[in-house]
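To start, the structure itself, in structure tokens.
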Amino acid sequence: MIQNNFLGPHSSVILDDECHVRLISSFVSNPTSVFKELQEELLWRQDKITLYGKTHDVPRLQAWYADPGLTYTYSHIQLSPLPWYPLLIELKKQIEKHTNESFNSVLCNYYRTGNDYVAWHADDEKELGIQPTIASLSLGGARKFVLREKKKKTNKIELNLGSGDLLLMSGRTQEIFEHQIVKTKKEVEGRINLTFRRIIIS
Ligand SMILES: O=C(O)CCC(=O)C(=O)O
């Protein structure tokens with residue numbers, strides 16, 4: 001259930017019915033220094049993905065930080081958690097306070113250039129349980145994020161996620177919608193996205 005206190009001065013309702021999507025602009029007040037520290041200090045890795053018998057680099061760098069003992073399978077890649085990094089814990093606490101939710105992991109994505117992207121998918125892995133709340137914090141260069149209904153693909157919502165913005169998705173959003181970060185030919189700054197999640201089955 002989305003909490004009323006998701007709504008603050010910079011908050012807008014993007015979707016509200018069975019699917020809840022809220023955007024809180026400038027949730028982080030010092031996004032440039034947060035971006036720089038995370039870019040330099042997180043243990044970024046280049047994962048590979050095999051599709052139709054061919055192995056490719058995942059088109060972005062990733063790192064997964066979580067409570068010990070958790071495992072997560074993302075796009076057929078089984079991830080083992082790194083121990084929490086202090087700034088990630090600080091951000092997690094701020095988001096938990098704001099949302100009244102509790103998270104035990106964060107998937108970090110680093111889009112180095114406009115060529116890096118994430119393809120259509122939903123955060124609907126069984127480990128997240130039903131109707132998961134996903135808190136997605138963007139830092140660095142703004143990128144286009146698109147939500148579309150799985151059963152009616154022309155029903156789309158486009159958002160420009162800027163540095164410091166927090167996107168909250170809950171209710172049936174992952175069941176009904178999928179999302180992507182679009183590749184762009186425009187010159188864009190590097191972008192880090194942190195998706196805080198609660199793994200309930202490991
Ligand atoms: O970078 C983003 O804003 C989205 C990331 C995402 O979709 C994911 O981690 O599942």
**OP:** Figure the gain on full extension for THR55 and HIS76 (residue separation times 0.36 nm, minus the Cα-Cα span) and round it to one decimal in nm.
**Re:** 6.3 nm
Subject >> Charge dipole of the range 4-197 about the Cα centre (unit charges at C-beta), most positive-ward option of GLY140, LEU167, GLN180 >> reply: GLN180
Original post:
By a straight-distance test (C-alpha under 26 Å), which lysines pair with LYS185 as possible cross-link partners, with residues fewer than eight away in the same chain excluded?
Top reply: LYS36, LYS48, LYS54, LYS144, LYS153, LYS156
Original post:
Using unit Cβ charges (K, R positive; D, E negative) and no other charged atoms, how large, in debye to the nearest 20, is the dipole of the chain about its Cα centre?
Top reply: 600
Original post:
Kirkwood hydrodynamic radius (Cα pairs, Å) of the range 4-197?
Top reply: 17.0
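Kindly provide the helix-only [θ] at 222 nm of the chain, computed as the sum of -39,500 (n - 2.57) over DSSP H runs of four or more divided by all residues, to the nearest 500 deg cm²/dmol?
-4000 deg cm²/dmol
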Subject >> Max mean-square fluctuation residue, GNM over the chain, Cα-Cα springs under 10 Å, options TYR110, TYR65, TYR85 >> reply: TYR85
**OP:** Please identify, among ILE14, ILE192, ILE157, the residue showing maximal mean-square fluctuation in a Gaussian network model of the chain using a 10 angstrom Cα cutoff.
**Re:** ILE157
Original post:
If you place +1 on the Cβ of every Lys and Arg and -1 on the Cβ of every Asp and Glu, how big does the dipole about the Cα centre of the range 133-184 come out, in debye to the nearest 20?
Top reply: 300
**OP:** Choose one of ILE14, THR113, THR195: the residue whose Cα lies farthest towards the positive end of the charge dipole of the range 4-197 (beta-carbon charges +1 Lys, Arg; -1 Asp, Glu; about the Cα centre).
**Re:** THR113
**OP:** Using only the alpha-carbon atoms of the range 139-198, report the extent along each of the three principal axes, biggest first, to the nearest angstrom.
**Re:** 33, 29, 13
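Using the Cα centre as the reference, give the magnitude of the dipole from point charges on the C-beta atoms of the range 75-177 (Lys, Arg: +1; Asp, Glu: -1; all else neutral), rounded to the nearest 20 debye. Each step should come with its number before you reach the end.
Numbers: 14 positive and 12 negative charges, 80 e Å.
Dipole size: approximately 380 debye.
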Subject >> Sites HIS121 and GLU18 - FRET efficiency at Förster radius 25 Å, r taken between beta-carbons, to 0.05 >> reply: 0.80
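Only the coordinates and a few stated rules stand behind these numbers; no lab work does. This is a predicted model, so every value here is computed, not measured. Neighbour counts run over all protein chains shown; Cβ positions are idealised from the backbone, glycine included.
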